[in-house]
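Values in this text are rule-based calculations from the coordinates and carry no lab data. All values derive from a computational prediction rather than experimental measurement. Because the Cβ atoms are built from the backbone with ideal geometry, glycine has one as well, and the counts that use them run over all protein chains shown.
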Amino acid sequence: MHTWQLQKAKAQFSEVIRQASTEGPQAITVRGHDEAIVLSMKDYQKLLGKQPSFLQFIEQSPLKGIDLTVWRDSSKNRSVTL
């Protein structure tokens, strides 16, 4: 992984991006301390992994198939104390 000082990375940003795509993550330092990493989109998507859709998430739930009875008052009026 190549390390760039912030000023140099700003001045040569297109080179930072190119190297992130061809050589891997690029570290950015501020006053000698690591502050950020520039990743290619490919590396970023690998890091995220494939996210299931909401429907897939629900279907994979360990609670799928549990009989759940929900009771709801169906009357149109309810008494409210203020």
For residues that are farther than 30 Å from residue 9 by Cβ and either in contact with a helix residue (DSSP H, G or I) (Cβ under 6 Å, 6 or more places away or on another chain) or of a type in the set (D, E, K, R) (or both), scanning just region 25-82, find the one that is surrounded by the most Cβ atoms within 10 Å (Cβ to Cβ). 59
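Could you check how many residues of region 13-23 are among the small types (Gly, Ala, Ser) and loosely packed, with under 14 Cβ neighbours inside 10 Å?
Kept after step one, since they are among the small types (Gly, Ala, Ser), are these residues of region 13-23: 14, 20-21.
Next cut, loosely packed, with under 14 Cβ neighbours inside 10 Å only: 14.
Count: 1.
Tell me, please, whether a residue that is among the basic types (Lys, Arg) and within 20 Å of the chain's Cα centre (by Cα) can be found in region 31-39. Working first, answer last.
Kept after step one, since they are among the basic types (Lys, Arg), are these residues of region 31-39: 31.
With within 20 Å of the chain's Cα centre (by Cα) added as a condition, the list becomes none.
Checked against the condition, which is being among the basic types (Lys, Arg) and within 20 Å of the chain's Cα centre (by Cα), region 31-39 yields no hits at all.
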Wholly inside region 8-72, helices (runs of 4 or more DSSP H) that include 2 or more residues that are small (Gly, Ala, Ser) are 13-23
